[in-house]
Amino acid sequence: MKFGVLVFPGSNCDHDAYWVVSQVARQPVTFLWHESHDLENCDAIIVPGGFAYGDYLRTGAIARFAPIMESVRHFANRGGLVLGICNGFQILCESGLLPGALTRNVGLKYVCKPVHVRVETADTPFTNACREGDVLRIPIGHMEGNYFCDAPTLEALEKERRVVLRYVTAEGEITAAANPNGSLANIAGICSPGRNVLGMMPHPERSSERLLGGEDGLQVFLSMVAAMVST
């Protein structure tokens, strides 16, 4: 199996994701340049955090037109695994691979701190190493992490169990105080109808080694490896 990490002008978490896959999860991985159409036979794609194209216009608005994203859309539509982290989540929404949008944080301030998220479903290729209800401590770092969608979309997300991660207290309780950005229904991560595309605002690559203060985020990458092994 082989991972691909996209690289846009302004990406700044691409090397972090590459490190976790190659040095912690011990899997083959390559960088994929934004101007290329070639996914180089990768089995899973990571759209990393950062500020793709400087976040001009709005987050992800320009990145959606990158040549590599055309290939990612085709890959995802065929069932390929795609993980979007922070700016990657924003890009996936702009690209139509996930519903809704990420808007400015309530308070209009950049927020960078560890948060707690609850695993709402373990029935995805990204959370199969977890149990439903597990509380993970993973850092965030964003200005536009306030997830929003219309009422019918939220109803579908809830009904189809596509809300994968939710901001909670350390005890696993959904509260307004535990929501760092104002996201609708405390949503921190959602998946596609086929469950093969996940967008999440927290940075699992920043909590995948004990040296970084925690390893909870590694469960996301190990889940992806397990999902690919089983297919």
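The values are calculated or read from the model by the stated rules, or taken from the named source; none is laboratory data. Bear in mind the structure is a predicted one, so any value in this text is a computation, not a measurement. When we count neighbours, we look across all protein chains shown, and the Cβ atoms used for this are built from the backbone with ideal geometry, even at glycine.
Looking at 119, 163, 115, 168, just one residue is of a type outside the set (Asp, Glu) and either in contact with a Gly (Cβ under 7 Å, 6 or more places away or on another chain) or closer than 29 Å to residue 2 by Cβ (or both), and that residue is 119.
For (1) touching a Lys or Arg at 6+ places or on another chain (Cβ under 6 Å); (2) surrounded by fewer than 21 Cβ atoms within 10 Å (Cβ to Cβ); (3) not hydrophobic (A, V, I, L, M, F, W, C), each residue gets a yes or a no:
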| site | (1), (2), (3) |
| --- | --- |
| 25 | no, yes, no |
| 33 | no, yes, no |
| 62 | no, yes, no |
| 72 | no, no, no |
| 77 | no, yes, yes |
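If you go through the range 125-174 and keep only what is basic (Lys, Arg) and at negative phi, you end up with 131, 137, 159, 162, 166.
Could you pull out the residue among 50, 141 that is free of Cβ contacts under 8 Å to residues at least 60 places away in the same chain and within 30 Å of residue 170 (Cα to Cα)? Even if it seems obvious, please write down each step before you answer.
Details: 141 fails: free of Cβ contacts under 8 Å to residues at least 60 places away in the same chain.
Within the list 50, 141, the selection yields 50.
Within the option set 70, 35, 40, being free of Cβ contacts under 8 Å to residues at least 40 places away in the same chain and in a helix (DSSP H, G or I) holds for one residue only, 70. In this structure, residue 192 does satisfy being within 15 Å of the chain's Cα centre (by Cα), at pLDDT 95 or above and over 21 Å from residue 140 (Cα atoms). Each residue in the range 11-28 was checked for being in contact with a Pro (Cβ under 9 Å, 6 or more places away or on another chain) and in contact (Cβ under 8 Å) with a residue 60 or more places away in the chain, and 6 of them qualify. Could you identify the single residue in 111, 82, 117 that is touching a Leu at 6+ places or on another chain (Cβ under 6 Å), over 18 Å from residue 10 (Cα atoms), β-branched (Val, Ile, Thr) and in contact (Cβ under 8 Å) with a residue 24 or more places away in the chain? Just a single option satisfies the conditions, and that option is 117. Of the set (1) surrounded by fewer than 17 Cβ atoms within 10 Å (Cβ to Cβ); (2) assigned to a helix (DSSP H, G or I), all apply to residue 53 but (1). Out of curiosity, is residue 185 at pLDDT 95 or above, outside any loop (DSSP other than H, G, I, E, B), more than 22 Å from residue 205 (Cα to Cα) and small (Gly, Ala, Ser)? Spelling it out, residue 185 is indeed at pLDDT 95 or above, outside any loop (DSSP other than H, G, I, E, B), more than 22 Å from residue 205 (Cα to Cα) and small (Gly, Ala, Ser).
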